[in-house]
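Shown next, in structure tokens, is the structure this report addresses.
Laboratory data are not the source of any read-out in this text; all were calculated from the coordinates shown. Predicted model only: the values in this text are computed from it and were never measured. Cβ sites come from the backbone with ideal geometry, for glycine too, and all protein chains shown count toward neighbours.
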């Protein structure tokens, strides 16, 4: 599998991962066009961020082309679990309040709310409503000692007027029957969906606005020419643009821009799905398809019941891309599924197993904005980007159009470089061992 830390930008013939979404979704993506030789704004990456940015630029009357190395939404936009959560990065509102004060935390909460509304707009553009499942997002205390910190988080969220409910273990038993469910937060305005349908709807809106979408066209070189714009070398020839927006997030090759090479850690998140569960199996775990669920581990597991009664179950995968397809990581997820739901120990195989790269920042939150002359980027969502990418694309487009952005941390600085970047993977390996011991 393509590995952004060691490989050149992915090629047009790198096969997409055989994910559940790709095998079971009839997604209506718009037609793509030939690569232009000149354009005002060039966007690298046809995922949620890039497509939303392209739509905003086109709606403002600019010529814009989106260059995708493989197929539209080839990265995590078609590989994620479909959790639409009102957050990004790994910092909660209380952590922001402690760092920078309540006003900043309130501003961040307002941004997250705007992001959720933008996703809603894209969902409405899908005839199937992206197979949306309304019920909320459950954050579950996976052991008794996790209940008190989770309850404290609930009290803090209520101070920010967030639509969240506290579920005791007794109340939770009616929703999910698991020995690893001791209490939960329920975020009532969050939901789950089919991420590939969301990507297709977002792409159609971008194309309808006038954005040019170019597939199988990796950008292998990007050079800022100062007042003369940006020179791009692609698999289909040279392109001149006034400005470049890098929207490839966890898939951004370290060889594309030196300024970004050491500022993100690409981390694999892996997912399995079971065969369709029987009525009796579903009744035994009590899980409704309306809920998206994640636990409180350091190395979190997340799961949801899909509309066709398959159980999707995900967590951390391999460290290197060359090991991503190793079935040992699928077996670990199946073992974790059995620990979560002992009732399903007779489910001894998976039907789908795939992985995708998420971008982890050093200080746990993303950055959206200018990198250097004529070049802009958005990355570092830490695996929580399905909703925020809709707003990140808009804000990145606004920055490229030289419009003012909110005075919030996401937009006021660049990603911090990792110290000793050559040893990022070693640090990740050590962190995984620490997390497993703690969890």
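Here are the numbers for the structure shown:
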{"item": "Difference of contour (0.36 nm per residue) and Cα-Cα distance, residue 414 to residue 238", "result": "60.6 nm"}
{"item": "Global form of the chain, assessed from the alpha-carbon gyration tensor, a/c cut-off 1.5", "result": "prolate"}
{"item": "Stretchable slack from residue 170 to residue 117, in nm (0.36 nm times residue separation minus alpha-carbon distance)", "result": "15.8 nm"}
{"item": "Relative contact order [Cα under 8 Å, 6+ residues apart], the chain, whole percent", "result": "25 percent"}
{"item": "The chain: antiparallel DSSP beta bridges as a percent of all, rounded to 5", "result": "70 percent"}
{"item": "Relative contact order, percent, segment 135-209 [alpha-carbon distance under 8 Å, six or more residues apart]", "result": "43 percent"}
{"item": "Separation in nanometres of the label points that stand 7 Å from Cα toward Cβ, at residue 279 and residue 90", "result": "4.4 nm"}
{"item": "Between 0 and 90°, nearest 10: helix 195-209 axis offset from the chain longest Cα axis", "result": "30 degrees"}
{"item": "Computed helical MRE - 222 nm, the chain, DSSP H runs ≥ 4 contributing -39500 (n - 2.57), nearest 500", "result": "-9000 deg cm²/dmol"}
{"item": "For segment 358-399: rounded, prolate or oblate by the Cα gyration tensor [a/c cutoff 1.5]", "result": "oblate"}
{"item": "Förster radius 22 Å - calculated FRET efficiency between residue 308 and residue 339, Cβ distance, rounded to 0.05", "result": "0.35"}
{"item": "Computed E for residue 431/residue 220 - FRET, C-beta separation, R0 41 angstrom, nearest 0.05", "result": "0.80"}
{"item": "Residue 188/residue 227 FRET efficiency (R0 56 Å; Cβ-Cβ; nearest 0.05)", "result": "0.65"}
{"item": "Burial order of peptide ranges 188-195, 367-374 (average beta-carbon count within 10 Å, highest first)", "result": "188-195, 367-374"}
{"item": "Principal-axis tilt of helix 424-438 within the chain, Cα atoms, nearest 10 degrees", "result": "20 degrees"}
{"item": "Convex hull projection area averaged over all views, segment 320-387, Cα basis, nm²", "result": "7.4 nm²"}
{"item": "Gyration tensor verdict on segment 108-169 (Cα atoms; rounded if a/c is under 1.5, prolate if a/b is larger than b/c, oblate otherwise)", "result": "oblate"}
{"item": "Protection proxy ranking of 168-174, 95-101 - average other beta-carbon atoms within 10 Å, highest first", "result": "95-101, 168-174"}
{"item": "Contact order relative to length of segment 229-373, as percent, for alpha carbon pairs under 8 angstrom and 6 or more apart", "result": "30 percent"}
{"item": "Net lengthening on full extension, residue 99/residue 143 (0.36 nm per residue, minus Cα-Cα)", "result": "13.0 nm"}
{"item": "The chain: angle of helix 102-124 to the longest principal axis, Cα-based, in degrees nearest 10", "result": "80 degrees"}
{"item": "In nm, spacing of pseudo-spin labels at residue 38 and residue 60 (7 Å Cα→C-beta vector)", "result": "2.2 nm"}
